[in-house]
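FYI, it's all coordinate maths here, none of it is from the lab. Remember, predicted model here, so these are calculated numbers, not experimental data. Note that each Cβ is placed from the backbone with ideal geometry, even for glycine, and that neighbours are counted across all protein chains shown.
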Amino acid sequence: MYAYIKGEIVDISEDNLVLECNNIGYNIRIPLSVAQRLPGMGATVKIYTYTSVREDAFNLFGFLSKDDLEIYKKLIAVNGIGPKGALSILSAMSAEDLRFAILSGDVKAISKAQGVGNKSAERIILELRDKVQFMGKAAIDLEVSSSDTTVDTSAKNEAIEALTSLGYAPSDALKAVRQIAVTKDMDAGTILKQALKIISTL
């Protein structure tokens, strides 16, 4: 029904956002990962929404990007994963981390979400592996921004591959590398050393 709603933030909680637009306050269910990235009270924000209509409920679910919304739609299409279950998964991990976990078959990372067991995580991986994709070498989305186009993404990919070969979970390896301020003069070895320090705290 609503593609997106743009308005002023009037209330935020871990799983709900109240957005005022044209003197109407919209209650929008959000994952924790979205709540943590929202600007402060009174700020104007654009939220991409999914409308869930049931006999006993009418709910809006909101996300900060079309990308997040699309992965949410894919999740709720998985047998046994409803709107609330999908929200729980995206509260436990970001959309890009979820994609990486699906592609790498990381059942453990997905099953960390509240109410999601190993069988549900395995089903998500089985049903969505051919429906999600990343950009870049080794199918890893490293989110290179327009201001960071000079950075060699292959060095990041090599560091991630090295971490996984050392036994670290692929999703944790991705998280660690993404926290490093990589410059164009850094090679894979340098990135790996920094990532090893970070990954031990995850």
(message) Modelling each spin label as a point 7 Å along the Cα-to-Cβ direction, I'd like the E70/D15 distance in nm, to one decimal.
(response) 2.8
(request) Using a cut-off of 14 Å between beta-carbons, work out the net charge of the residues near Q114 (Lys and Arg +1, Asp and Glu -1, Q114 not included). (result) 0
(message) If you fit an axis through the alpha-carbon atoms of helix 95-104 and take the longest principal axis of the Cα set of the chain, what angle between them do you get, 0 to 90°, nearest 10?
(response) 50
(request) For D185 and Q36, compute 0.36 nm times the residue count separating them, minus their Cα-Cα distance, and round to one decimal in nm. (result) 50.5 nm
(message) How far apart, in nanometres, would the label points at I24 and K197 be if each is projected 7 angstrom from Cα along the Cα-to-Cβ direction?
(response) 5.2
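Below 8 Å between Cα atoms, with a sequence gap of 6+, how large is the relative contact order for the chain in percent? Let's see the in-between values first.
Details: 303 pairs, mean separation 25.6, N = 202.
That works out to 13 percent.
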(message) Give me a comma-separated list of calculated 3J(HN,Hα) values for region 43-53, in order, Karplus coefficients 6.51, -1.76, 1.60 applied at θ = phi - 60°, integers in Hz, x for any Gly or Pro.
(response) 6, 8, 9, 9, 10, 7, 10, 10, 9, 10, 10
(request) Estimate the FRET efficiency between S165 and N118 by the formula 1/(1 + (r/R0)^6), using the beta-carbon distance for r and 30 Å for R0, to the nearest 0.05. (result) 0.80
(request) Could you pull out every residue, at least 5 positions away or on a different chain, whose amide H is within less than 5 Å of the one on G7? Hs are placed 1.01 Å off N in the peptide plane, and Pro or chain starts have none. (result) V45, I47
(message) To make sure I understand the rule: partners must be lysines, Cα under 28 Å from the Cα of K131, and not fewer than 8 residues away in the same chain. Which ones qualify?
(response) K46, K66, K73, K74, K84, K108, K112, K119, K156, K175
(message) Which of L126, L32, L87 ends up with the largest GNM mean-square fluctuation for the chain, with Cα atoms connected below 10 Å?
(response) L126
(message) Taking P(r) over Cα pairs in 5 Å bins from 0, in percent straight from the coordinates, which label in [x] 1, 7, 15, 17, 16, 15, 13, 9, 4, 2, 0, 0; [y] 1, 6, 8, 8, 8, 8, 8, 7, 7, 6, 6, 5, 5, 4, 4, 3, 2, 2, 1, 1, 1, 0, 0; [z] 1, 7, 11, 14, 15, 13, 12, 10, 8, 5, 3, 1, 0 is the correct one?
(response) [x]
